[in-house]
Amino acid sequence: MFCGTYTALVTPFRDGALDESAFASLIEWQIESGVTGIVPAGTTGESATLSHAEHQRVIELAVQAARGRCKVIGGTGSNATDEAVSLTVEAEKAGADAALLVAPYYNKPTQEGLFRHYKAVAENTKLPIILYSIPGRCGIEIGVETTARLARECPSIKEAGGSVERVSQLRAALPPEFSILSGDDSLTLAFLSVGAQGVISVASNIIPREMSRMVAAFLEGRPGEARELHARFYPLFRDLFIESNPIPIKTALCLAGRIDGEFRLPLCEMSPANAAKLLATMRNLNLVK
């Protein structure tokens, strides 16, 4: 079962190339801060603009840097099933512990097509497959019935549809050992309250210790402590999505001196007004001076 806090890692760039040193340093900090695992080459890692070789290298670097001290869940989703299979097989060879596969985007498959897509990937790897439903980006959601059909081959889902009711529906339709992970930092506490077991988090890039504490507090029976942490960091959760992810979180990490604030087009730097708002929030939380 997947539970706890998993960081959806950014991919640092320098002069257009992977900044391998900064990436390794980020991972070390995440592990020192107590995260359960890391997720390289996902949406937050700008996977859409990574070459195939870079994608493979990012997951390989994450496995090497983690050295077995936390789980590594490789982002291996694609809107082409053959490519998703290939990326997942490569992640398995690199030593990843699991694979996260976003729903195929743009081509808008039917639910039967989604079922066959994920089943084909699962049949070609021994890695546990985590489904990833985020209709705001993909244009489709992985239906509750489809998730239930896939529960044996794919034992977890990252749920980023923004609906507490859907988490309740998933929990009612799925066996207890099936893991539901929040894909929205601001809704994590609400999702946990109706049966989710953790989060794949953007915010934990910059507050790994605090996100880990919040999730652990709830799972260990200290809901008051979890609510206090949620309330304290809610302004950050909000501001990390005032522009498209991962623009704000990479900006936050740059402001904190952990990476260069470099993006690949079509992503670009934050607007001055939004960057100032994010900086003010970070200062209020003592994340920067």
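Some points to look at:
- Helix-only CD estimate at 222 nm, as mean residue ellipticity for the chain, using -39500 (n - 2.57) per DSSP H run (n ≥ 4): -14000 deg cm²/dmol
- With a Förster radius of 30 Å applied to the beta-carbon distance between V164 and L265, the computed FRET efficiency rounds to 0.25.
- The separation of the stretch 216-289 from the stretch 70-115, counted between C-alpha centres, amounts to 27 Å.
- DSSP beta bridges in the chain [antiparallel fraction, %, rounded to 5]: 5 percent
- Range of Cα positions in the chain per principal axis (Å), largest first: 51, 44, 35
- Ordering M1, M282 by accessible surface, largest first, gives M1, M282; the 1.4 Å probe counts only protein heavy atoms, with every chain in place.
- Pairs with C-alpha atoms separated by more than 32 Å, drawn from the list K71/K277; K93/K277; K108/K277; K93/K289; K158/K250; K158/K289, are K71/K277; K93/K277; K108/K277; K93/K289; K158/K289.
- In the stretch 131-173, trypsin sites (Lys or Arg not before Pro) in a DSSP loop with at most 16 other beta-carbon atoms within 10 Å: R152
- Unit charges on C-beta of K, R, D, E only; dipole of the chain, Debye: 520 debye
- Calculated on the alpha-carbon coordinates, the convex hull of the stretch 94-181 measures out at 96 cubic angstrom per residue.
- Sequence-distant residues sharing a close amide H with N79 (under 5 Å, placed H): Y105
- Counting only protein heavy atoms and a 1.4 Å probe, the chain has 42 square angstrom of accessible area per residue.
- The chain - percent of accessible surface contributed by carbon and sulfur, probe 1.4 Å: 51 percent
- Projecting the Cα atoms of A231, L100, M270 onto the dipole axis of the chain, where Lys and Arg carry +1 and Asp and Glu carry -1 at the beta carbon, places A231 farthest toward the positive end.
The values are calculated or read from the model by the stated rules, or taken from the named source; none is laboratory data. Since this is a predicted model, take the numbers as computed values, not measurements. As a convention, Cβ positions derive from the backbone with ideal geometry for all residues, glycine included, and neighbour counts pool all protein chains shown. Note: areas computed on protein heavy atoms with side chains; ligands, DNA, RNA excluded. Shrake-Rupley method; radii C 1.70, N 1.55, O 1.52, S 1.80 Å.
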